[in-house]
Amino acid sequence: MGSFPKDEKKVGTGVVGAPECGDVMKLQIKVEGGRIVDAKFKTFGCGSAIASSSLATEWMKGKTLDEAEKIKNTEIVQELSLPPVKIHCSVLAEDAIKAAIADYRKKGE
Amino acid sequence: MKVPVYMDNHATTPVDPRVLDAMLPFFTEKFGNAASRNHSFGWEAEKAVDDARRQIAALIHADPKEIIFTSGATESDNLALKGLVEMYREKGDHIITSVTEHRAVLDTAKRLEKQGVKVTYLPVDKDGIVNPDDINKAITEKTILISVMMANNEIGTVNPIAEIGRLAKSRGVIFHCDATQGVGKIPVDVEAMGIDLMSFSGHKIYGPKGIGALYVRRKNPRVRLAPMIDGGGHERGMRSGTLPVPLIVGFGKACEICMQVMPEESKRMIDLRERLKEGILQKLDEVYLNGHPTKRLPNNLNLSFAYVEGESVLMGLKEIAVSSGSACTSATLEPSYVIRALGVGSDLAHSSIRFGLGRFNTEEEVDYVIKRVVETIQKLREMSPLYEMAKEGIDLKTVQWARD
């Protein structure tokens, strides 16, 4: 949990969701040598949304960008035993992972 | 102080020990059927029911004959709306209600709509109050019923019932009031308030679950209802079924106690509620009150905590029983329709928490709840990207959110 300075070149930030939907996730990665060395999240949402984003940051640490991009929402559902009504939380987490990676890549261009 | 602390007294209340004491003999040695007219077991049960009917009628200033026992307020609402429509259908096919009614009224109205009844759902103002002028304008020649709740179960707002009652009388329309949250908490007088039909229940007032009543006016006007349950013709033919004597005795006792303690108890509830509100507002910014500041139930506090989501608050407050208008606590994934009806943005609707104080709450519990709420909200705001953005000076309303 927490934040990195989002202007830093080695930081990628993804913000997904909307307040009126009851979920907003901000996921940040710090990349060194093509590998995610650290990840942080901030989440507005229910317990499952917070847990999904927290798990996403844990899983991303140590992975390359390509590896992290392959994390699937279904894996999050399985790991956290999310009930059907909470599946959208895992989808949001997957979106946040992709958004953070995309942001990092865009900075590098 | 015992944990968990129960502060969800709009959902239900514990049975008062005095109520339980009154009920117990009627499960065992006094088990008779109140409809058995030919032996002492029946007479004993019938007398107990009569006594309870008097206690209940006294609390709402009705005649005991006007009390129809049901299984609870949901059944009372169903009987009032469906029973009345069936009986008065030839006179008209239009009913008027409000958008913040309990689901027992709204879903019943929706079913009636499927049967061709026309329903007007009136909006409420930002505090949750129904405007009697809106009702007046909505009445047509075909209007047979106005159904407006006394006090809202989520935000505690109390409607101008006497004014609506006068209006209904002057326009010759029958007035049903769902008073489930009001009876026993605030003074109720069906005569002074011009109420023709009124739903309420036992378990919201420290009585047992499974028993409720529908007040049905007998004169000026005499209201007739088609029964929903046919059978032995109990309850003036409006609700058949053997009377649950122990529950009725408990309901009666609960009403008697409410009548005795109401002046003192409502003052104590207001003191506890204000202590809770002030305690939280002193330590946290961007907390908003839902519902009317003064025209509200003594025991209700409903707050929205900006930048945090209600279900995560409930999870953080594991050792405190409160409820939330958050989507995540409902099956529908929609935030509370009551809070939305106030014109509150859905972000704040997702953030609402209802505190329902009750007879058995103490100052110590209130102070504990203040402390735990403040800790939890602070922690969740630390975790909230919205709070961070707001502190950076970003206007959240101008943000282009990525939606699915």
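Of note:
- Taking N as its residue count, the alpha carbon Rg of the stretch A:54-109 over 2.2 N^0.38 Å: 1.17
- Counting only other chain Cβ atoms within 10 Å of each residue's Cβ, the peptide B:348-361 averages 1.
- Stokes-Einstein D (µm²/s) once Rh is taken as the Kirkwood radius of the stretch B:156-286 over alpha-carbon pairs, at 10 °C in 1.306 mPa s: 93 µm²/s
- Averaged over A:5-15, number of beta-carbon atoms from partner chains that fall within 10 Å: 1
- Across chain A: Cys residues that no other cysteine approaches within a C-beta distance under 4.7 Å: A:C21, A:C89
- Placing +1 on each Lys and Arg Cβ and -1 on each Asp and Glu Cβ, with no other charges, gives chain B a dipole about its Cα centre of roughly 1080 debye.
- Backbone phi angles across the stretch B:254-267, fed through the Karplus curve with coefficients 6.51, -1.76 and 1.60 (θ = phi - 60°), yield HN-Hα couplings of 4, 5, 4, 5, 4, 4, 5, 9, 3, x, 6, 5, 5, 5 Hz in residue order; Gly and Pro are listed as x.
- Ascending count of other beta-carbon atoms within 10 Å, so fewest first, for B:H176, B:H102: B:H102, B:H176
- Cα-only Debye scattering, the stretch B:29-90: base-10 log of I(q)/I(0) at q = 0.20, 0.29 Å⁻¹: -0.88, -1.07
- Once backbone amide H atoms are built at 1.01 Å from N, A:D23 has A:A18 as its partners under 5 Å, excluding neighbours fewer than 5 places away on the same chain.
- More than 32 Å apart - percent of Cα-Cα pairs taken over the stretch B:17-257: 19 percent
- Derived scalar couplings ³J(HN,Hα) [the stretch B:347-357; Karplus, 6.51 cos²θ - 1.76 cosθ + 1.60; whole Hz; x for Gly, Pro]: 4, 6, 5, 5, 9, 8, 10, 9, 9, x, 6
- Equivalent-ellipsoid semi-axes of the stretch A:11-108, from the Cα gyration tensor, Å, largest first: 22, 14, 10
- Candidates B:S36, B:S76, B:S266, ranked by Gaussian network fluctuation over chain B, Cα under 10 Å, top entry: B:S36
- Rounded to the nearest 20, the Cβ-based charge dipole of the stretch A:11-108 about its Cα centre (Lys and Arg +1, Asp and Glu -1) stands at 280 debye.
- Ascending count of other beta-carbon atoms within 10 Å, so fewest first, for A:V37, B:V338: A:V37, B:V338
- Rounded to 5, the percent of DSSP beta bridges in the protein assembly as shown classed as antiparallel: 70 percent
- Calculated mean residue ellipticity, 222 nm, the protein assembly as shown: -12500 deg cm²/dmol, from DSSP H runs (n ≥ 4) at -39500 (n - 2.57) each, averaged per residue and rounded to 500.
- Taken over the C-alpha atoms, the protein assembly as shown has Rg and Dmax values of 26.9, 95 angstrom.
- Derived scalar couplings between HN and Hα for the stretch B:14-30 equal x, 6, 5, x, 5, 5, 4, 4, 5, 6, 3, x, 7, 8, 10, 6, 9 Hz in order, rounded to whole Hz, by the Karplus curve 6.51 cos²θ - 1.76 cosθ + 1.60 (θ = phi - 60°), x for Gly and Pro.
- Take every pair of alpha-carbon atoms less than 8 Å apart whose residues are at least six positions apart; their mean separation over the length of the stretch B:17-257 yields a relative contact order of 28 percent.
- For B:T120, the residues whose amide H sits under 5 Å from its own are B:I95, B:I96, B:T97, ignoring neighbours fewer than 5 places away on the same chain, with H placed 1.01 Å from N.
- Toward the positive end of the charge dipole of the stretch A:11-108, with +1 on the Cβ of Lys and Arg and -1 on the Cβ of Asp and Glu, the farthest Cα among A:P84, A:F41, A:G108 is that of A:G108.
- Among beta bridges from DSSP that stay inside chain B, the antiparallel ones total about 55%.
- If you run the Gaussian network model on chain A, springs between alpha carbon atoms under 10 Å, then out of A:E79, A:E20, A:E69 the most flexible one is A:E20.
- Share, in percent, of DSSP beta bridges within the stretch B:141-215 that are antiparallel, nearest 5: 45 percent
- Each listed q (0.14 Å⁻¹) maps to a log10 I(q)/I(0) for the stretch B:75-176 from the Debye sum over equal C-alpha point scatterers, namely -0.47.
- Debye, to nearest 20: dipole size of the stretch B:257-404, +1 on Lys, Arg Cβ, -1 on Asp, Glu Cβ: 360 debye
- When each of B:F41, B:F200 is scored by the number of other beta-carbon atoms lying within 10 Å, the sequence from fewest to most is B:F41, B:F200.
- As a ratio to 2.2 N^0.38 Å, the alpha-carbon radius of gyration for chain B is 1.04.
- Charge dipole of the protein assembly as shown about the Cα centre (unit charges at C-beta), most positive-ward option of B:L317, B:C258, B:F31: B:F31
- Placed amide H near B:D8: partners under 5 Å, 5+ positions off or other chain: B:G356
- Residue with peak Gaussian network fluctuation, chain A [Cα springs, cutoff 10 Å], from A:G12, A:G33, A:G22: A:G33
Read-outs throughout are calculated quantities, based only on the coordinates presented, and are distinct from any laboratory measurement. In this text, all values refer to a predicted model and were calculated from it rather than measured experimentally. Cβ sites come from the backbone with ideal geometry, for glycine too, and all protein chains shown count toward neighbours.
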